[in-house]
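Asker: Before I ask anything, here is the structure I am working with.
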Amino acid sequence: MANTKRILIVVTNHTKITDDHKTGLWLEEFAVPYNVFKEKGYDVKVTSILGGEVPLDPSSLPAEKNAKWEEAEKELTHTIKLRKEDAQGLDSIFLPGGHGTMYDFPNNETLLYILQQFAEDKRVIGAVCHGPSGLVNATYKNGTPLVKGKNITAFTDDEEREVKLVQHMPFLLETTLREKGGIFSSRSNWTDYSIRDGILVTGQNPQFSKSTAEKVVDAIEHPA
């Protein structure tokens, strides 16, 4: 068991976009990667920005219960609060999305500290859809943006326009990642697209969380 890989998953606790538009974690973006990592035999530590029960975006809930997601969902009822100590002893960090992340990921001091430690140590960092919102203010110790010069993707500005939420977002994710020096690329809306650039793995859409998680596994098992 000494060689068991350990993954830190960090999820949002933010609950609303407007008073009549609830948000939170996009369930598929957590449950599918969680299962990919568990099936590989990895030790998965689930944390959230504030700890406690994690809000789920109502739009992400399946019409019928998905039995394959039950174990993952149970993890979300009692998450541990993210701490700076989580920067140590883990092989990878993974950031699922949901619009909630746009509010509580970008400026969270603890998350930014942990991402910096992972980047400096060349440990694998993965994020999908809106999860890369956690990367927009992340830097190396010398102040260089973590995404600068890196091939990345995320939920696109055009997709944000399609879901009619541009006016409610604190910033546009694609635009901001580009401003930080990220080499942003994407496919047509809702297309399966994920990228690995060294230790950094990003995915464009929730439906393709699996391909993103599989690239994270590949990055852990086959370092660049």
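Okay, residues lined up against (1) of a type in the set (S, T, N, Q); (2) over 19 Å from the mean Cα position of the chain (by Cα); (3) under 15 Å from GLN204 (Cβ atoms):
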site	(1), (2), (3)
THR153	yes, no, yes
ASP158	no, yes, yes
GLU162	no, yes, yes
GLN167	yes, yes, no
PHE171	no, no, no
GLU174	no, no, yes
LEU177	no, no, yes
PHE184	no, no, yes
THR191	yes, no, yes
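Asker: Let me ask something additional. Can you pull out every residue in region 17-42 that is out of contact with any helix residue (DSSP H, G or I) (no Cβ under 8 Å at 6 or more places or on another chain) and loosely packed, with under 15 Cβ neighbours inside 10 Å?
Answerer: Scanning region 17-42 gives ASP19, ASP20, GLU39, GLY41.
For every residue, the table says whether it meets (1) of a type in the set (Phe, Trp, Tyr); (2) out of contact with any strand residue (DSSP E or B) (no Cβ under 6 Å at 6 or more places or on another chain); (3) buried (at least 20 other Cβ atoms within 10 Å of the Cβ); (4) not in a loop (DSSP other than H, G, I, E, B).
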site	(1), (2), (3), (4)
PHE94	yes, no, yes, yes
GLY98	no, no, yes, no
MET102	no, yes, yes, yes
ASN107	no, yes, no, no
THR110	no, yes, no, yes
ILE114	no, yes, yes, yes
ALA119	no, yes, yes, yes
GLY134	no, no, yes, yes
ASN142	no, yes, no, no
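Asker: Could you identify the single residue in LYS74, LYS68, LYS81, LYS45 that is under 17 Å from the mean Cα position of the chain (by Cα) and exposed (fewer than 14 other Cβ atoms within 10 Å of the Cβ)?
Answerer: Answer to the check: LYS81.
Residues checked against (1) open to solvent by 10 Å² or more (accessible area, probe 1.4 Å); (2) of a type in the set (Lys, Arg):
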| position | (1), (2) |
| --- | --- |
| VAL147 | no, no |
| THR153 | no, no |
| THR156 | no, no |
| GLU160 | no, no |
| PHE171 | yes, no |
| LYS180 | yes, yes |
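Asker: Now for a separate question. Could you go through region 203-210 and let me know if any residue there is among the hydroxyl-bearing types (Ser, Thr, Tyr) and either under 14 Å from the mean Cα position of the chain (by Cα) or assigned to a helix (DSSP H, G or I) (or both).
Answerer: Looking through region 203-210, at least one residue is among the hydroxyl-bearing types (Ser, Thr, Tyr) and either under 14 Å from the mean Cα position of the chain (by Cα) or assigned to a helix (DSSP H, G or I) (or both).
Asker: Now for a different question. Could you list all residues from region 1-38 that are of a type in the set (A, V, I, L, M, F, W, C) and farther than 14 Å from SER133 by Cβ?
Answerer: MET1, ALA2, ILE7, LEU8, ILE9, LEU27, PHE30, ALA31, VAL32, VAL36, PHE37
The values are calculated or read from the model by the stated rules, or taken from the named source; none is laboratory data. Just so it is clear, the structure is predicted and the values come from calculations on it, not from any experiment. Ideal geometry is used to build each Cβ from the backbone, glycine not excepted, and the neighbour counts take in all protein chains shown. Calculation scope for accessible area: heavy atoms of the full protein, side chains included, ligands and nucleic acids excluded. Shrake-Rupley method; radii C 1.70, N 1.55, O 1.52, S 1.80 Å.
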